[in-house]
1. Against the conditions (1) touching a residue at least 40 places away in the same chain (Cβ under 8 Å); (2) surrounded by 18 or more Cβ atoms within 10 Å (Cβ to Cβ); (3) out of contact with any Lys or Arg (no Cβ under 8 Å at 6 or more places or on another chain); (4) closer than 30 Å to Phe101 by Cα, where does Leu78 fall short? Just the number, please.
2. Please work out which residue is farthest from the chain's Cα centre (by Cα), limiting yourself to region 188-204 and to residues that are buried (at least 20 other Cβ atoms within 10 Å of the Cβ) and not in a loop (DSSP other than H, G, I, E, B).
3. Go through region 56-80 residue by residue and tally those that are β-branched (Val, Ile, Thr) and farther than 17 Å from Thr149 by Cα.
4. Quick check: is even one residue across region 68-84 of a type in the set (A, V, I, L, M) and either assigned to a strand (DSSP E or B) or in contact with an Asp or Glu (Cβ under 9 Å, 6 or more places away or on another chain) (or both)?
5. Among the candidates Leu150, Leu118, Leu167, single out the residue that is of a type outside the set (Asp, Glu), more than 21 Å from Val98 (Cα to Cα) and in contact with a Leu (Cβ under 8 Å, 6 or more places away or on another chain).
6. Checking the structure you have, find out if any residue of region 20-33 is touching a residue at least 24 places away in the same chain (Cβ under 8 Å), surrounded by 18 or more Cβ atoms within 10 Å (Cβ to Cβ), of a type outside the set (D, E, K, R) and not in a helix (DSSP H, G or I).
7. I need every pair where a residue in region 173-197 that is free of Cβ contacts under 8 Å to residues at least 40 places away in the same chain and aliphatic (A, V, I, L, M) has its Cβ under 9 Å from the Cβ of a residue that is in a strand (DSSP E or B) and open to solvent by 70 Å² or more (accessible area, probe 1.4 Å), sequence separation at least 6 or different chains.
8. Take the conditions more than 27 Å from Asp59 (Cα to Cα), open to solvent by less than 10 Å² (accessible area, probe 1.4 Å) and part of a helix (DSSP H, G or I) and apply them to Met121. Does it pass?
Amino acid sequence: MKLDNFNKSFDTEKVLRLLGARQGRRVPVASLRRVDHMAEKIPAMLKPGLSYRILDLMDVDRGGILLSDGTRFKSPKLAKSMIHAEKVCCFVATVGPVVDFEVAHLMKKRRYADAYVLDAMGAMSAESVVDQFYQRLGRQWREKKGGVTLRFSPGYCDWPIQEQRPLFNLFDNKSIPNVTLNDSCLMTPRKSVSGLFGLLPKGSLGIFPSYNPCLSCGKRDCIARRVH
């Protein structure tokens, strides 16, 4: 299923983290001014879209998970997070190519600081699309069934980025929102996010705590860290 009804927004705090505001460090005033300036321009650059599929979870073992169509994803941490799920929601999202074009244009003009700030804002705009979808579907699922797990993307934790290929194979050319993979399994447009999360069965809300691999990870300065 394809969706395009998303707010063109981003989390300013996460943008500032990408720009270096973590572990007590502050972002330079000049960068803050660039964020304010770009915030007025970036909505016109965004064309958000997301495709998703929900499949039954057939099996979970120590090495990964198996979906109902035969797709297998290999990641012990992903498997641990899905152990109580009954279904898996797989998705690919993007905000389109315009941010990439504008970043390249700024780089060509040697406006490197502007390009860096816009790149960070574009990345967080793509994350915002996924967050909106995750919260929306999670709310709908909780109303009629159980809860949802944390979401995971290829390339994070112990889930290899090469797993982008089987993830993309779940979608045909007509259903995916104009996103392609290169030989290195990187997406074009660059401001795109893929991944999945589990859907828990009815009556499970509050019973099965969501597994969070960040709690046992020693990489304290990771910008994707989900520990407050």
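The values are calculated or read from the model by the stated rules, or taken from the named source; none is laboratory data. Remember, it's a predicted structure, so these values are computed and weren't measured experimentally. Reconstructed Cβ throughout: ideal geometry from the backbone, glycine too, with neighbour counts over all protein chains shown. These accessible areas exclude ligands, DNA and RNA; they are computed on the full protein's heavy atoms, side chains included. Shrake-Rupley method; radii C 1.70, N 1.55, O 1.52, S 1.80 Å.
1. (4)
2. The selected residue is Leu199.
3. 1
4. The answer is yes, given that some residue of region 68-84 is of a type in the set (A, V, I, L, M) and either assigned to a strand (DSSP E or B) or in contact with an Asp or Glu (Cβ under 9 Å, 6 or more places away or on another chain) (or both).
5. Selected residue: Leu167, the only one of Leu150, Leu118, Leu167 that is of a type outside the set (Asp, Glu), more than 21 Å from Val98 (Cα to Cα) and in contact with a Leu (Cβ under 8 Å, 6 or more places away or on another chain).
6. No, there is no match, as no residue in region 20-33 is touching a residue at least 24 places away in the same chain (Cβ under 8 Å), surrounded by 18 or more Cβ atoms within 10 Å (Cβ to Cβ), of a type outside the set (D, E, K, R) and not in a helix (DSSP H, G or I).
7. If the second residue must be in a strand (DSSP E or B) and open to solvent by 70 Å² or more (accessible area, probe 1.4 Å), the pairs left are Leu181/Thr188.
8. Here the answer is yes, as Met121 does meet what is asked.
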